[in-house]
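The values are calculated or read from the model by the stated rules, or taken from the named source; none is laboratory data. These figures come from a predicted structure and were not determined experimentally. Positions of Cβ are backbone-derived with ideal geometry, glycine not excepted, and every protein chain shown enters the neighbour counts.
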Ligand code: NAD
């Protein structure tokens with residue numbers, strides 16, 4: 001069993017850390033917010049008083065933070081963990097961040113003899129809770145081998161996407177597609193509702209027809225069609241719309257750098273931006289459904 005420092009205990013980090021405890025690992029946890037730390041303490045974790053105090057004598061440091069600026073701040077900026085992490089520790093950043101920051105972290109880590117891998121995830125809060133996440137890992141062969149077993153305690157698909165940054169690139173492609181699918185599914189459901197269809201019936205029909213997709217399967221954006229999804233809980237919990245907007249921006253940035261044509265991604269990004277600008281950024285991203293409402 002390994003000793004793990006887990007930093008960032010939000011919607012995703014808390015259930016991921018809980019699964020590592022369940023698997024028998026020794027967890028030291030840290031977040032800027034007290035409540036998830038206390039809940040994990042009841043399950044057996046130790047609470048660190050700071051990020052710096054969490055990393056002493058651990059085999060792995062896992063970070064699950066909102067965006068690139070938080071991750072850079074943790075390792076290179078105000079917390080400067082790179083100056084204090086032992087050379088035997090492997091750092092796993094599971095946050096979804098930009099490829100440029102990921103590559104910068106990898107270069108800086110190499111300079112001081114540290115090992116870092118990017119391992120963003122897919123599967124949402126439900127997948128994090130059930131331990132069925134997909135991990136997209138950017139790492140050397142050796143580092144991938146060294147982290148695979150630990151990640152398998154939190155996910156069921158552990159993919160080696162390529163070298164440093166490849167995990168983040170795969171994640172940007174996946175979430176651009178997810179953003180497009182959620183917007184498209186919302187548009188189709190609202191069209192049906194406006195023309196007198198029952199959204200439950202329509203969802204069932206599309207789920208068993210060629211419109212089938214992940215959002216219809218497990219994340220229906222229309223309230224009260226499915227139980228235990230954010231749309232049936234006033235769009236609370238889940239994946240914040242502003243985080244989806246961040247991911248669509250990451251995909252757009254990559255498309256600009258590679259001169260790729262991503263018209264559907266660009267249009268969907270604008271829809272999420274518009275929906276955030278009218279005050280919905282903190283709600284679950286499936287709230288984009290209301291962008292297409294006639295009311
Ligand atoms: P969240 O906002 O719920 O959680 C982030 C946590 O990080 C918060 O608890 C915050 O207090 C903490 N934090 C921020 N800065 C910190 C610091 N310097 N030190 C310690 N803690 C700090 O976000 P989330 O939904 O858990 O998402 C985390 C990451 O995972 C994001 O990059 C997101 O894009 C990605 N992601 C989220 C989902 C999802 O469904 N929510 C799915 C896949 C990937």
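Checked against (1) farther than 18 Å from residue 184 by Cα; (2) touching a helix residue (DSSP H, G or I) at 6+ places or on another chain (Cβ under 9 Å); (3) surrounded by fewer than 18 Cβ atoms within 10 Å (Cβ to Cβ), residue 250 meets all criteria but (3). When we screen 293, 231, 266, 286 for residues that are over 23 Å from residue 123 (Cβ atoms) and in contact (Cβ under 8 Å) with a residue 40 or more places away in the chain, the only hit is 293. Can you name every residue in region 51-65 that is modelled with pLDDT under 95 and either touching a helix residue (DSSP H, G or I) at 6+ places or on another chain (Cβ under 7 Å) or at negative phi (or both)? Scanning region 51-65 gives a single hit, 56. Does residue 274 satisfy the condition of being out of contact with any strand residue (DSSP E or B) (no Cβ under 8 Å at 6 or more places or on another chain), assigned to a loop (DSSP other than H, G, I, E, B) and surrounded by fewer than 22 Cβ atoms within 10 Å (Cβ to Cβ)? So residue 274 fails the test. Does residue 36 meet the test of being within 14 Å of the ligand (Cβ to nearest atom) and buried (at least 19 other Cβ atoms within 10 Å of the Cβ)? So residue 36 fits the description; yes. Scanning region 121-136 for residues that are over 15 Å from residue 214 (Cα atoms) and in contact with a helix residue (DSSP H, G or I) (Cβ under 8 Å, 6 or more places away or on another chain), we see that the one that is nearest to the ligand (Cβ to nearest atom) is 121.
The single residue among 152, 166, 130 that is free of Cβ contacts under 8 Å to residues at least 12 places away in the same chain, touching a strand residue (DSSP E or B) at 6+ places or on another chain (Cβ under 8 Å) and either in the same structural domain as residue 287 (by TED's automatic domain parsing) or under 26 Å from residue 8 (Cα atoms) (or both) turns out to be 152.
Residues that are touching a helix residue (DSSP H, G or I) at 6+ places or on another chain (Cβ under 6 Å) and not in a loop (DSSP other than H, G, I, E, B) within region 34-50 comprise 36, 40, 47, listed in sequence order. Of the residues 202, 191, 133, the single one that is within 19 Å of the chain's Cα centre (by Cα) and modelled with pLDDT of 95 or more is 133.
Being over 25 Å from residue 199 (Cα atoms), within 11 Å of the ligand (Cβ to nearest atom) and crowded, with 23+ Cβ neighbours inside 10 Å is the requirement here; does residue 242 meet it? So residue 242 does not fit the description; no. The sole residue among 86, 54 that is away from the ligand (no atom under 14 Å from the Cβ) and within 19 Å of residue 28 (Cα to Cα) is 86.
Residue 29 meets all of the listed conditions (1) buried (at least 19 other Cβ atoms within 10 Å of the Cβ); (2) touching a helix residue (DSSP H, G or I) at 6+ places or on another chain (Cβ under 9 Å); (3) in a loop (DSSP other than H, G, I, E, B) but one, namely (3).
Screening residue 207 on (1) within 22 Å of the chain's Cα centre (by Cα); (2) at pLDDT 95 or above; (3) within 20 Å of residue 126 (Cα to Cα); (4) surrounded by fewer than 18 Cβ atoms within 10 Å (Cβ to Cβ) shows it passes everything except condition (1).
Residues in region 245-263 that are more than 14 Å from the ligand (Cβ to nearest atom) and either assigned to a helix (DSSP H, G or I) or touching a residue at least 24 places away in the same chain (Cβ under 8 Å) (or both): 252, 253, 254, 255, 256, 257, 262, 263. When we screen 8, 13 for residues that are buried (at least 18 other Cβ atoms within 10 Å of the Cβ), within 17 Å of the chain's Cα centre (by Cα), within 12 Å of the ligand (Cβ to nearest atom) and at positive phi, the only hit is 8.
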